[in-house]
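Data first, discussion second: the structure below is written as C-alpha cells.
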Amino acid sequence: MAIERTISIVKPDAVGKNVIGKIYDRFESNGLKIVAAKMKHLSRREAEGFYAVHKERPFFGELVDFMISGPVMIQVLEGENAVAKNREIMGATNPANADEGTIRKDFADSVGENAVHGSDSAENAAIEIAYFFAETEICPRTR
Ligand code: DAT
Ligand code: MG
C-alpha cells in the first residue's frame, strides 16, 4: 500500500477541551506519524479560503465563525493509506452517527463542532497541505 500524507486539524472545540494529546494518541496508535505541526489562530480569510469548496453551503458562515473562534492545531500525518485511515479514525461528520472509539464519537458535541478536520482525498490532501505548510516544514519519517 502507498505511503500517503494527509492534513488533520484539531478544531477550536477540541483545543478548548485540552484534548490535543488524546487526539494525537489516536493517530500514533493507528500507525500514522506526525511529520509537521503548527498551532494557529486562523484569520477569517484563511478559514474562508480553506473551506472555499463549501462556500455555497447554508452552514458556511457558521463553519467559518467556529473555525476562527479559537486556535487550531494543524498537522500533516504520514503513513500507509493515510487519507482513508485518518477519516476512519475521525468517524462520521455528525458525531451522533460516528462509530464507537472514533475521535468524533469521543470528543465532538455536534455536526458543526466536530473536533477534527481530515482531508477527504489524496488530491485534496495535497492542496490542503500546501495551504498551510511549505515543503521545508515537513519532516518525512518514512524511508
Ligand atoms: P467532514 O468534515 O467530515 O469532511 P464536510 O466536508 O461535509 O464534513 O463538512 C465540512 C465541515 O462543515 C464539517 O466538518 C462540519 C461542517 N458541517 C457539515 N455539515 C454541516 C451541517 N449540516 N451543519 C453544520 N455544519 C456542518
Ligand atoms: Mg470534508
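Between 108, 47, 36, the GNM of the chain built on Cα springs shorter than 10 angstrom shows 47 fluctuating the most. Selection among 133, 68, 107 by position relative to the dipole of the chain gives 133 as farthest towards the positive end (Cβ unit charges, Cα centre).
Sparse packing (at most 13 other Cβ atoms within 10 Å of the Cβ) combined with a DSSP loop state is found for the following GluC sites (Glu not before Pro) in the stretch 1-96: 56. When the Cα convex hull of the chain is projected onto planes of every orientation, the mean area is 8.2 nm².
Assigning unit charges at the beta carbon (Lys, Arg +1; Asp, Glu -1) and nothing else, what dipole magnitude in debye, to the nearest 20, does the stretch 3-137 show about its Cα centre?
Numbers: 16 positive and 22 negative charges, 55 e Å.
Using Cβ point charges on Lys, Arg, Asp and Glu, the stretch 3-137 gives about 260 debye.
Positive end of the dipole of the chain (Cβ unit charges, origin at the Cα centre): among 119, 95, 37, the Cα lying farthest that way belongs to 37.
The mean sequence distance of close C-alpha pairs (under 8 Å, at least 6 residues apart), as a share of the length of the chain, puts its relative contact order at 38 percent. Helices of the chain meeting both criteria, an alpha-carbon length of 20 angstrom or more along the long axis and an average Kyte-Doolittle score not below -1.0, with helices taken as full DSSP H segments, do not occur.
None of the figures in this text is laboratory data; all of them are computed from the coordinates on show. Everything quoted here is computed from the prediction, not taken from an experiment. A quick note on method: Cβ atoms are made from the backbone with ideal geometry, for glycine too, and the neighbour counts reach across all protein chains shown.
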